[in-house]
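Input: a single structure, listed below in C-alpha cells.
Derivation of every value follows stated rules applied to the coordinates shown; laboratory data play no part. Quick caveat: nothing in here was measured; it's all calculated off a predicted structure. All Cβ positions, even for glycine, are placed from backbone atoms using ideal geometry, and neighbour counts span all protein chains on display.
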Amino acid sequence: MRDSKYDILFEPLAIGPHIAKNRFYQVPHCNGGGYRDPSAAAAMRGIKSEGGWGVIFTEQTEMHHTSEITPFIELRLWEDKDIPGLRRMSDAMKVHGALAGIQLAYSGINGPNFYTKEVPLAPSALPIRTFTNDPVQARALDRGEIRDLRRWFVNAARRSKIAGFDLICLYGAHGFGIFQHFLSRATNQRTDEYGGSLENRSRFAREVIADIREAVGDTTAITLRVSLDETIGELGFSNAEVREFVEMNADLPDLWDLAHGAWEDCSGPSRFKEEGAQELLVKGIRELSSKPVVGVGRFTSPDVMARMIRQGVLDFIGCARPSIADPFLPKKVEEGRIEDIRECIGCNICITGDMTMSISRCTQNPTFMEEWRKGWHPERMNDKGDSRTVLVVGAGPAGLEATRALALRGYDVTLAEATTTLGGRVARERLLPGLSAWGRVVDYRQYQIAQRTNVETYFDSRLTADDVLGFGFEHVAIATGSHWRRDGVARQHVVPMPIDPAMTVWTPDDVMARRHPDNLAGKTVVVYDDDHYYMGGIMAEVMVKAGAKVILVTSSAYVSDWTRNTLEQGAIHVRLDDLGVDIRLNRGVAAIRAGEVETSCTYTGKRKTIGCDAVVMVASRLSDDALYASLLARQSDWADAGIKSVKIIGDAAAPAPIAWATYAGHRYARELDMPDIGDALPFRREVTQLEPA
C-alpha cells in the first residue's frame, strides 16, 4: 500500500459543485487525434480514468466556427452534431470516478480560419499569430460582436453540459486563447471599456464567466486557464499583473489553472526545463483567492507533488506529459509501486503528433493513442501464443521494450547484447548535454526485466548466424540498432559527398565514444547538420565545451529544424548563440578537403570555403542489419534449427527517433504468434459519415 507521506495527494477537494476524488489533475493536452479520431482520443482518456486520475480534461476544443486553427487537428464543438463524439469521451473519463472536463477555446488572433474561411476576430486588429506566419490579419471585435462571442460561449457551455462534462476550462494561456488576448496589452490595444486598465481588460473574462455560471453553473464547474507570465516585455501580461488579476477577481472561476507563458515556456523539454520549473511563478498565488489552484511543471516525482500540496503552492498537481508517459501514475503511487512508474523523459515527442497533424506517440508509453486503434492497454499484454521461447538480439530501446513486453505475455526470453551495457543508443545519448532524463527509457525497462524470472540477459554476446541457428529458439527478434554515416549521405547528398581522407571527420558515434581530443582549444570544427533533429545542435555544444571554435552549417533555414515540432528549436538556437557558435543557415556542404569545407547556398548553389581542422558529420544513419541479412540468406536452415520466425525491428530495420524504436519493440511483442491478418489494416480508424447528396 502507499507510503503515508503521499496521503495528501489522495485527499478529495471541491471544484465548484463537484468533488475531485484526489489531487491528480490531467490538464488539457493535445494528442493529434481531435475531431478526426474521436474514439481513439476517448479511449486514451478512459485509460487515464482507470489509472486513477481525479480530473481529466480534453484537449483544446474549438467552440465556434469563426475561430479555428486548421491545419492543426483539435476537437470541435461547433454544433449539436459534435456532441455525441464528445459524449463518448466524457463517458470514458467518468467510468472510474474521475471528473470530466472540456477546454473551450476561441483562438482569436491565433485562428486563421483556413477551413471555414471566416474573417478572424480578436480584441485588436493585428496579424494572425501562428506557427507558420500565415499572411492573414484579424479584425477587431466591435461591441456587438463581443456580445455575440459571449453568447457563443454560453451555447458551447450548454452543449458541454449535454455532452456530460463536469468542468469547463476557459482557455486563456500559452498565447492561444481569447481571454489572454483581452488580458494582454500586447494583443489588446482597445480604448473602450474592454481595453486600457487591467480592470477593463478583465471585463470580458468576468462577463463570460457570469454568463456561463447563469446558464450551467449549478451543475458545471468553471475553471480559467491563464498564463503565469507572457515574458515578452512591458506590453506583456506579466507575473505581477497575473497576481493583480487573480486578487482583483479572486472568486471569479471555481479553480485557477495556471500555466507559463508561451507553449514553449510551459512545455519545455527536459533539456531546458527541470521538473517544477514554474514553481517560483506560481508560488503565493494560492493565497490571493479562496479558490483552488492547479499548476504544471512536468511533475514526475511523487515527493515533489506532495511537497507542492503540503507547502501550499498548489491544490492540484497538473500533469499532461507525465499522464501520457504513465496513465496509471496515480494508481501506482496509491498502491506503493513508485518504482513501476514510467517517468516522462521530457522529449516532447508527444507534442509532435499535434504539430505534424498526425497521431501522437510517447517514447516511454508505446500504447499511447493505440488504446482504441489497436486495443493496447498500457499495463496489460495479450495472452501468450503457442510458442515458448524468443531470442532478442540487441538491448537498445527496441530490444529492451520487446523483452519486457514479451516477458509479460509469458514467453521465455533471452536477451543477447554485444556490449557490456544495456540501452544501446540511449545509453550513449543520455551522457550528452541535457539528455540525462532520457536514460529513464533504459532504467524503467531494466528494472522491469530484472523482476521477471522468465528473462535471461547475456552481455558480450555478438552473435553470428551460426550462433543463432544453433540455439534452438522458436522466434528471433533482431534489434541491433544503427550507426551514423561518415560519408555525408542524407538529404542533400543521396550518394557519398567528396571527402578528402586527409581531413579529420567525426560522426556522433565517434564523439559519444570520445574518439576526439578532450581539448580542442585553438581548433576550428565545422558541424554539418543534415539530420535536422537534436543531434546537430548537441554536437556543436560538445565541441564548444571541448574548447573548439564551432561553425554549424545546415541546409535548413533553422538550426535543428525538426525540433520546432518539439517546442525547443528557439531554445536550441539561443543556447548555441550564447555559446558563441557561428551559425550558417541555408547552406549545405559541397565538398570536404584537407583544411577546409566548401559550402553551397541551398537556393543559388553559390560556393564559399571555411577553413577548419575537423568536421562533425551529422547526416543519416545506417542500419546494423548484417546479422538479419545472414539469417535471411540461410532461411532454408530455419526449420531444422527450430526457428519459426526472424524479424528485424527498431533502428536495425529503419533508423528513427527513440519513440519509433520502443513502439517497434512493443508491436513485435504484441503481434508474436497472432493470426496473420493479410492485407487488412493493423489498426481501427474513424470514417467520415457522408451527408445526403
> What order do you get for 263, 53 when you list them from fewest to most C-beta neighbours inside 10 Å?
Replying inline: 263, 53
> Working out 0.36 nm times the residue gap between residue 654 and residue 357, then minus their Cα-Cα distance, what length gain in nm do you get to one decimal?
Replying inline: 104.7 nm
> Quick one: Cα centre-to-centre distance for the range 180-214 and the range 311-382, in angstrom?
Replying inline: 36
>> Please list, in order along the range 477-487, the HN-Hα scalar couplings obtained from phi with the Karplus expression 6.51 cos²θ - 1.76 cosθ + 1.60 (θ = phi - 60°), rounded to whole Hz, x for Gly and Pro.
In response: 10, 9, 10, 8, x, 8, 9, 6, 6, 9, 8
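If you stretched the chain out fully between residue 274 and residue 452, how much longer would it get, using 0.36 nm times the residue separation minus the C-alpha to C-alpha distance? Numbers along the way, then the final one.
On the way: separation 178, 0.36 × 178 = 64.08 nm, distance 3.24 nm.
Contour length minus the Cα-Cα distance gives 60.8 nm.
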>> Once R0 is set to 45 Å, what does the formula 1/(1 + (r/R0)^6) return for the Cβ-Cβ distance between residue 684 and residue 283, expressed as a FRET efficiency to the nearest 0.05?
In response: 0.50
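Under the 0.36 nm per residue contour assumption, what length would be gained going from the current alpha-carbon distance of residue 513 and residue 143 to full extension? Mind dumping the intermediate values first?
Working: separation 370, 0.36 × 370 = 133.20 nm, distance 6.47 nm.
Roughly 126.7 nm would be gained on extension.
How about the range 442-503: which trypsin sites (Lys or Arg not before Pro) there lie in a loop by DSSP and see at most 16 other Cβ atoms within 10 Å? Show your work: numbers first, answer last.
Details: sites: 445, 452, 462, 485, 486, 491; in loops: 452, 462, 485, 486, 491.
Counting only loop positions with at most 16 other Cβ atoms within 10 Å, the trypsin sites (Lys or Arg not before Pro) in the range 442-503 are 452, 462, 491.
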> Which order, highest average first, do 285-293, 104-112 follow once you tally other Cβ atoms within 10 Å for each residue and take the mean per peptide?
Replying inline: 104-112, 285-293
>> Using +1 at the C-beta of Lys and Arg and -1 at the C-beta of Asp and Glu, which of 32, 688, 108 has the Cα lying farthest in the positive direction of the dipole of the chain?
In response: 108
>> I'd like the distance between the alpha-carbon centres of the range 389-454 and the range 89-152, rounded to an integer number of Å.
In response: 44
>> Relative contact order of the range 4-355, please, whole-number percent, based on alpha carbon pairs below 8 angstrom and at least 6 residues apart.
In response: 18
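What number, rounded to the nearest 500 deg cm²/dmol, is the helix-based mean residue ellipticity at 222 nm of the chain, given -39500 (n - 2.57) per DSSP H run of at least four residues and division by all its residues? Working shown, then result.
Details: 23 runs with 202 residues, N = 693.
Only helices count here, giving -8000 deg cm²/dmol.
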> Got the relative contact order for the chain handy, in percent, Cα pairs under 8 Å and 6 or more residues apart?
Replying inline: 12
> Using alpha carbons only, how many degrees (0 to 90, rounded to 10) separate the axis of helix 658-671 from the longest principal axis of the chain?
Replying inline: 80
> For the range 157-172, in order, what is each residue's ³J(HN,Hα) by Karplus, 6.51 cos²θ - 1.76 cosθ + 1.60 with θ = phi - 60°, in whole Hz (x at glycine and Pro)?
Replying inline: 5, 5, 5, 4, 5, 4, 6, x, 8, 8, 10, 10, 9, 8, 8, x
> Amide H to amide H under 5 Å from residue 589: which residues, 5+ apart in sequence or cross-chain, H placed 1.01 Å off N in plane?
Replying inline: 600
>> Using the Karplus curve 6.51 cos²θ - 1.76 cosθ + 1.60 with θ = phi - 60°, what ³J(HN,Hα) values do you get for each residue of the range 491-502, in whole Hz, with x for Gly and Pro?
In response: 8, 6, 10, 8, 10, x, 7, x, 10, 6, x, 6
> Given labels modelled 7 Å from the Cα in the Cβ direction, how far is it in nm from residue 290 to residue 70?
Replying inline: 4.7
>> Need one number for the chain: average projected area of the convex hull over its C-alpha atoms, nm².
In response: 33.0
> Mind ordering 177-187, 10-20, 93-103, 636-646 by average Cβ neighbours within 10 Å, highest first?
Replying inline: 177-187, 93-103, 10-20, 636-646
>> Could you list 5, 331 so that the one with the fewest beta carbons within 10 Å of its beta carbon is first and the one with the most is last?
In response: 5, 331
> Among 146-154, 322-330, what's the highest-first ranking by average C-beta atoms within 10 angstrom per residue?
Replying inline: 322-330, 146-154
>> Using only the alpha-carbon atoms, how far is helix 38-50 inclined from the longest principal axis of the chain? Give it as 0 to 90 degrees, nearest 10.
In response: 90
> Assuming R0 = 22 Å, what is the FRET efficiency of residue 151 and residue 189, from their Cβ-Cβ distance, to the nearest 0.05?
Replying inline: 0.35
